[in-house]
Structure formats: C-alpha cells, structure tokens
Amino acid sequence: MSQMVQMTTEQLEQLIKSLRISTASEISSAVAELANKSNSASCSMLDCPYRYGGERDREILEEFIFSTKTYKDVQRISDEEALAGLPLLFYQDASIWWQGVRHHLKSWNQAIESLREHFAPSRPAYQIYLEFFEDKQDDIITIDRFLDKKRAILAQLPHGRHNEETELDLLYGLLHLKYRKFIARNDFKTFDELLERGRIVEYNMREDPKEKKKLCSYCKFHGHTVENCRKLEKDEYDAVR
C-alpha cells in the first residue's frame, strides 16, 4: 500500500509555488519557440504575392520591383534570403532569363539591376522626351492618371535633370483645354497643387448640367462635342501618318 506523505502548510505552499514557476517557464519557452518558428517561416519570398513574367513594359517591371522590395523590407528578409527566393516570383520569359544568369548574380541589388537592364533597359534622354510629348491629355483620362503617367516617364531621366517647376512647365501645355481654362500656370507650384485644382475642375464638370448634356457624336462620350473631340483629332492625325 502507498504511504501518505505528510506536509506542513508551509511545505505545501512552497511545492505549489515551485510547480507554478515550472509550468510558467515551460509555457514561456513553448511560446518563444513558436514565435521563432513563425518568424523564420515568414522570412521567405515564398509567400510574396507578386509575380513577373518578363513583360517588356517599364511600368509593369517597376511596379513589380517596387512591390517586391516593399514586401522584402516589411518582412525583414535579408538580401541573401531574398536573392535565393527571387526566382520563385518569376515565370515564362523571366524564369528562362534567370536560368541563364543565376550563377553570375551574387547580390540582391545586382539581380534587380540586371533585371532592369534586360527587360527595360535605360533609354537615351531624347527618346524619353519623345514619349513624354507624344500624347496630350484627352477628354477621357483623369487628371490623376495623366499626371501619374507623365511623372513616371520623367522619372526615367537622369536624377536631378529637372526641378519640379521645370517639369510642371513641360507638362502644362499637354493638359486638356478644360483644365487650362480654369487653372493658370502661375496658380500652382507643385504637382500636388495641380492635382488638387484639377480634381476640383473635374468635380465641377460633373455637376454642371450643361456639360452633362454635351454628347460627342464621334466617340459617344459626354462632356464635349465633335468639334473639340480629341479622339477624332488623334485618329485623323494617325490616318495621315
């Protein structure tokens, strides 16, 4: 038969206290171990949601690079781990390209620059200016989209080529007439100010009953007539080129 162990009240309290300390210590250790496993599992490019298939489009490529870098920084993934996991984000042409260069790329930054040079190589300045001035804002594209597109083109120029004032001077003449009618060049000094004023113009245009009634017989869009249809003007220009 088992023998009963007799304890004093003080001894019993000490035993309970020691058991509590032991249990708390074990729990803390288990939590720390799970946290370490979770952190190590998240520090991988495997879960990065962005993919690139080798499209030779600078906007698509730069969006992929920016998003991937942001994910890498937020997840605190080291350059070495990011470089090792980078091919997991490639498919089609990009994946084929990687197979041929993977042994020559020794760092994350080198891989990103090589990716740029292969799929969207730097262009001479005159080509960038030609693209910038190629299209004026039509009656359909919003001020947000138009400014984003033109600033992305200017960003391809060497750093520091123009200050913001000069870039706005280059851009102003490309704005649709409906903006230039209400926004003078000296009304704004920054892109943010131009954007804010342009949005006000768009809002007022939507609220104006006269503007709503206008319907272009060529492009079928409201807000203008065939006499000042930018699409018609562009189509006629393309037809004679």
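Among all residues of the stretch 112-125, there is none that is touching a helix residue (DSSP H, G or I) at 6+ places or on another chain (Cβ under 9 Å), exposed (fewer than 15 other Cβ atoms within 10 Å of the Cβ) and farther than 16 Å from R58 by Cα.
Rundown of residues vs (1) surrounded by 14 or more Cβ atoms within 10 Å (Cβ to Cβ); (2) without any contact (Cβ under 8 Å) to a residue 12 or more places away in the chain; (3) polar (S, T, N, Q); (4) part of a helix (DSSP H, G or I), yes/no style:
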| position | (1), (2), (3), (4) |
| --- | --- |
| L61 | yes, no, no, yes |
| D73 | no, yes, no, yes |
| I77 | yes, no, no, no |
| P87 | yes, no, no, yes |
| D93 | yes, no, no, yes |
| Q99 | no, yes, yes, yes |
| H103 | no, yes, no, no |
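Considering the stretch 188-213, the residues that are part of a loop (DSSP other than H, G, I, E, B) and open to solvent by less than 80 Å² (accessible area, probe 1.4 Å) include one that is modelled with the lowest pLDDT, namely D208. Evaluation of G223 against the conditions (1) touching a Ser or Thr at 6+ places or on another chain (Cβ under 6 Å); (2) crowded, with 16+ Cβ neighbours inside 10 Å shows that the sole unmet condition is (1). Annotation note: of R151, R145, the sole residue that is in contact (Cβ under 8 Å) with a residue 40 or more places away in the chain and either in contact with a Phe, Trp or Tyr (Cβ under 9 Å, 6 or more places away or on another chain) or not hydrophobic (A, V, I, L, M, F, W, C) (or both) is R151.
The values are calculated or read from the model by the stated rules, or taken from the named source; none is laboratory data. In this text, all values refer to a predicted model and were calculated from it rather than measured experimentally. Cβ sites come from the backbone with ideal geometry, for glycine too, and all protein chains shown count toward neighbours. Side chains included, ligands, DNA and RNA excluded: accessible areas come from the protein's heavy atoms. Shrake-Rupley method; radii C 1.70, N 1.55, O 1.52, S 1.80 Å.
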